[in-house]
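Structure first, then comments.
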Amino acid sequence: MLSVLRSIVQEVNAAADLQAALDIIVSRVQSAMDTDVCSVYLFDSMTNRYLLMATEGLNQDAVGKVSLGHSEGLVGLVGVREEPINLEDAPSHPRYRYFPETGEERYHSFLGVPIIHHRNVLGVIVVQQQASGRFFDEGEEAFLVTVSAQLAAIIAHSEATGVISGLSLTGEAAKDINFKGVAGAPGVAIGNSVVIFPPADLDAVPDKRNEDTDSEIQRFKDAVAGVKKDIQAVGEKLATQLRPEEQALFDVYLGILDDNALVGEVLGQIKAGNWAQGALRDVIKEYAGHFEMMGDAYLRERAVDIKDLGRRVLAYLQESDQGEREYPDNTILVSEELTPTMLGEVPREKLIGLVSVRGSGNSHVAILARAMGLPTVMGLVDIPVSQLDSRELIVDGYNGQIHASPSQELRAIYRNIVEEEKELVKGLEALKNQPCTTKDGHRVSVWVNTGLMTDVVRSLSHGAEGVGLYRTEVPFMINERFPSEQEQRDCYREQLEAFAPNIVTMRTLDIGGDKSLSYFPINEENPFLGWRGIRVTLDHPEIFLVQVRAMLKASEGLDNLRIMLPMICNVSEVEEALHLIYRVYHEVREEGVNVTMPQVGVMIEVPGAVYQIKELAERVDFLSVGSNDLTQYLLAVDRNNPRVAGLYHSFHPAVLQALAKIARDAKKVGTQLSICGELAGDPAGAVLLMAMGYEALSMNASNLPRVKSVIRNIDLTWAKQLLDKVLCLDSPHVVKSTLDLALQEAGFGRYMRPGRVVGGVA
């Protein structure tokens, strides 16, 4: 069965559209399982019915016409139960439903398997047999379950593709259908999408019509010529090192590029209106698909050669197109996986929103987006990115949704939300110079998290009292090499001067996990539990020493620097880092630079550190909790994985108990305690943290006015009572609901989520 399954998957992947894929499925499954009938019913959420979409064995006239209610018949029962149903005599089952137009009255044996994708039932695949005595065995059932799993992703992708084009699965007009992801950064953006795709990735090339056919043809011909030249050069270089049969591979490559069939088909698509990159993608995938379906192993491997050539030509095309990219006003950046570098390529005044297929609300890019005030949606795993280029989009960063080609009515609703948000922000401007003090006199410091220079202006305009986290990795990530000591010094000096005399807490280089440097790649099976943070810089003291030296020199005459060490899990790491910092300090002093020794602290962001507060506090000047990573590690949830994003919850009882323990232990030893995770920027989270005893809350600048407003209008006593109440709860959702209700009753409802119900989602 494995070879049969492999063949089916290859054929389906090469299918032109969903209907062709379904027809292949029913035909191949019927043959492989030696049954009389194989049918696929797809669930249409717009009508709440299952529709017969393809069949082999039933009347073809019934396709697209016969439908069943959500829980009607055996098909509906399979969908409701979300598990296979295997019957020897289906007509005798009380849920059996007969449709004369299908001609299925003579079929008795029944096996139905749900098609499920991300917990949603997309349809049901059914096989039937005329003989009443046949019971499909466990092997046959397992085979059909495997087929349905393969089919699920194809259907989900096709559904999304159809919706973007304005059609449902059944071909009906689709209106205002949204795509659900994960909220990355709050806010609403209405603008034009620009798809950024990774280099030389055929699957990521977006759909686009060409504006100048002659120009596109010339670019393609130049790209082919460039690849030919490269192959010839490599072949000549290796001529003396290869046997004749190995050397022939280069001739094969050149032969493919000289072949009028492949090149001619690409040119034909360009002449038909496709742009060069899209035409190349389609032809290469078609050719590769043909080879992959061949029975001969040698010929199947030639698909790899075709794809390799396609990527080489694509690289040339992308290089020639690079200089021509223009970003429209109100750009919404869309990508399979957004990176900080991509954000840096778009003029800030034109960028208003972000959409990423991968990642979650706590990905590093999402954190940067919040810092920049850009509405962001992450984790749109099923959306066909290639079809989103140059479309009008609405990004709903509150609900984690996007709307493609929205109606006038929906656009008007979201414009009202944008205006409502502006009015709210305007109303909070008066708090800029006011202290963050509760009604009963308890003072809390409100700091900001920064990384880009654009953060500085926004932070100061919102009344930031210092910097609780300066992400020094950002200058490293937007560079093409390690920045020099002088470059780092200039960058750090800007931050220190901008906030002087207020404190600026600079975290030493924190890479690894979801933060990578193109020129210093870290490839690991489990990056969040691997080589990251302080582990990298202690293994590379040359990086650490240069950075600390730049920090110290940048602080000359200002004396507002604090240094913070990330990802600490052992006291030995602290001692080693302190030794290096003191060494640099004395060296800088010997050079005649008049600097004072800054305070040094550690981040509490791994569970092991939670239980070493006393030992860590004895060695450093302050502690700062990184609640994002701490939450991730406590709950064993990869914050970049949208499949488990729903399990990541800052208000999880275990997270709150850990934060409360840290605060108690820090108070016992009398050390300074702050927090710089995203929880601090949530008004409800800020209230709880203040009640626990956190002295300083560091957040994104956009959240600061809301947090300050809430704290200034409550009593510390009230906050402590609320904390005692939620610490007794055992569900993160109950905790969140309790907090929302408490803040709403206190008059802060509009701070939590502006706007009203949109598209059926609150």
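The values are calculated or read from the model by the stated rules, or taken from the named source; none is laboratory data. Note that the structure is predicted; figures quoted are calculated from it, not measured. Neighbour counts run over all protein chains shown; Cβ positions are idealised from the backbone, glycine included.
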Within segment 440-474, the count of residues that are at pLDDT below 90 and surrounded by fewer than 19 Cβ atoms within 10 Å (Cβ to Cβ) comes to 6
Going by what's in this entry, would E419 be described as surrounded by fewer than 20 Cβ atoms within 10 Å (Cβ to Cβ), acidic (D, E), without any contact (Cβ under 8 Å) to a residue 24 or more places away in the chain and not in a strand (DSSP E or B)? yes
Can you pull out the residues in segment 720-748 that are among the basic types (K, R) and closer than 17 Å to A654 by Cα? K725, K736
Of the residues in segment 345-367 that are modelled with pLDDT of 75 or more and touching a helix residue (DSSP H, G or I) at 6+ places or on another chain (Cβ under 8 Å), the one that is surrounded by the fewest Cβ atoms within 10 Å (Cβ to Cβ) is R348
For segment 675-683, check the following and say yes or no: at least one residue is modelled with pLDDT under 95, within 20 Å of Q434 (Cβ to Cβ) and either in contact with a Cys (Cβ under 6 Å, 6 or more places away or on another chain) or assigned by TED's automatic domain parsing to the domain that holds I394 (or both). no
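Let's see how each residue does on (1) of a type in the set (D, E, K, R); (2) buried (at least 18 other Cβ atoms within 10 Å of the Cβ); (3) at pLDDT 70 or above:
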position: T240; (1), (2), (3): no, no, no
position: A261; (1), (2), (3): no, no, yes
position: I270; (1), (2), (3): no, yes, yes
position: W275; (1), (2), (3): no, yes, yes
position: Y287; (1), (2), (3): no, yes, yes
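Among strands (runs of 3 or more DSSP E) lying entirely in segment 70-143, which contain 3 or more residues that are closer than 17 Å to V26 by Cα? Give the steps one after another, and end with the answer.
On the way: elements: 85-87, 109-117, 120-129.
Filter on segment 70-143 gives 109-117, 120-129.
Name the one entry in N641, N628 that is modelled with pLDDT under 95 and assigned to a helix (DSSP H, G or I). Steps first, answer last, please.
Values: N641 fails: assigned to a helix (DSSP H, G or I).
Just a single option satisfies the conditions, and that option is N628.
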Given the residues L42, L58, which is the only one that is farther than 19 Å from E105 by Cα and in contact with a strand residue (DSSP E or B) (Cβ under 8 Å, 6 or more places away or on another chain)? L42
Answer with yes or no whether R489 is at pLDDT 90 or above, part of a helix (DSSP H, G or I), buried (at least 18 other Cβ atoms within 10 Å of the Cβ) and on the phi < 0 side of the Ramachandran plot. yes
Within segment 9-47, work out how many residues are within 35 Å of the chain's Cα centre (by Cα), part of a loop (DSSP other than H, G, I, E, B) and crowded, with 20+ Cβ neighbours inside 10 Å. 0
Checked against (1) more than 28 Å from the chain's Cα centre (by Cα); (2) at pLDDT 95 or above, L741 satisfies every condition except (2)
Please go through segment 48-61 and give me each residue that is surrounded by 18 or more Cβ atoms within 10 Å (Cβ to Cβ) and either touching a residue at least 60 places away in the same chain (Cβ under 8 Å) or more than 38 Å from the chain's Cα centre (by Cα) (or both), ordered by number. Y50, L51, M53, E56, G57, L58
Does at least one position in segment 553-567 carry a residue that is under 39 Å from the mean Cα position of the chain (by Cα) and assigned to a helix (DSSP H, G or I)? yes
Are any residues in segment 493-527 touching a residue at least 40 places away in the same chain (Cβ under 8 Å) and touching a strand residue (DSSP E or B) at 6+ places or on another chain (Cβ under 8 Å), and if so, which ones? Q495, L496, F499, N502, I503, V504, T505, M506, R507, T508, D510
Across (1) touching a Phe, Trp or Tyr at 6+ places or on another chain (Cβ under 8 Å); (2) surrounded by 16 or more Cβ atoms within 10 Å (Cβ to Cβ), Q130 clears everything bar (2)
Just for segment 386-407: of the residues that are over 15 Å from I196 (Cα atoms) and in a loop (DSSP other than H, G, I, E, B), which one is modelled with the lowest pLDDT? S405
Close pairs from segment 426-438: first closer than 12 Å to N713 by Cα, partner acidic (D, E), Cβ under 7 Å, at least 6 apart: T438/D715
Cβ-Cβ under 8 Å pairs, at least 6 apart or on other chains, segment 4-17 side closer than 15 Å to T146 by Cα, far side at pLDDT below 70 and surrounded by fewer than 17 Cβ atoms within 10 Å (Cβ to Cβ): S7/M293; Q10/M293
Considering G557, G513, G530, which residue is assigned by TED's automatic domain parsing to the domain that holds S445, surrounded by fewer than 19 Cβ atoms within 10 Å (Cβ to Cβ) and on the phi > 0 side of the Ramachandran plot? G557
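In segment 688-702, is there at least one residue being outside any helix (DSSP H, G or I), over 22 Å from V600 (Cα atoms) and touching a residue at least 12 places away in the same chain (Cβ under 8 Å)? Steps first, answer last, please.
Quick first cut of segment 688-702, residues outside any helix (DSSP H, G or I) only: 693-700.
Those left that are additionally over 22 Å from V600 (Cα atoms): 700.
Filter again for touching a residue at least 12 places away in the same chain (Cβ under 8 Å), leaving 700.
Yes, some residue in segment 688-702 is outside any helix (DSSP H, G or I), over 22 Å from V600 (Cα atoms) and touching a residue at least 12 places away in the same chain (Cβ under 8 Å).
Considering segment 431-484 alone, what residues qualify as being part of a loop (DSSP other than H, G, I, E, B), among the charged types (D, E, K, R) and within 13 Å of M699 (Cβ to Cβ)?
So the first thing to find is which residues in segment 431-484 are part of a loop (DSSP other than H, G, I, E, B), and the list is 432-436, 438-442, 444, 451-452, 462-466, 472, 478-484.
Those left that are additionally among the charged types (D, E, K, R): 432, 439-440, 465, 480-481.
Passing the criteria: only E465.
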Which of the numbered conditions does R311 fail, given that it passes all the others? Conditions: (1) part of a helix (DSSP H, G or I); (2) surrounded by fewer than 13 Cβ atoms within 10 Å (Cβ to Cβ); (3) at pLDDT 80 or above. (2)
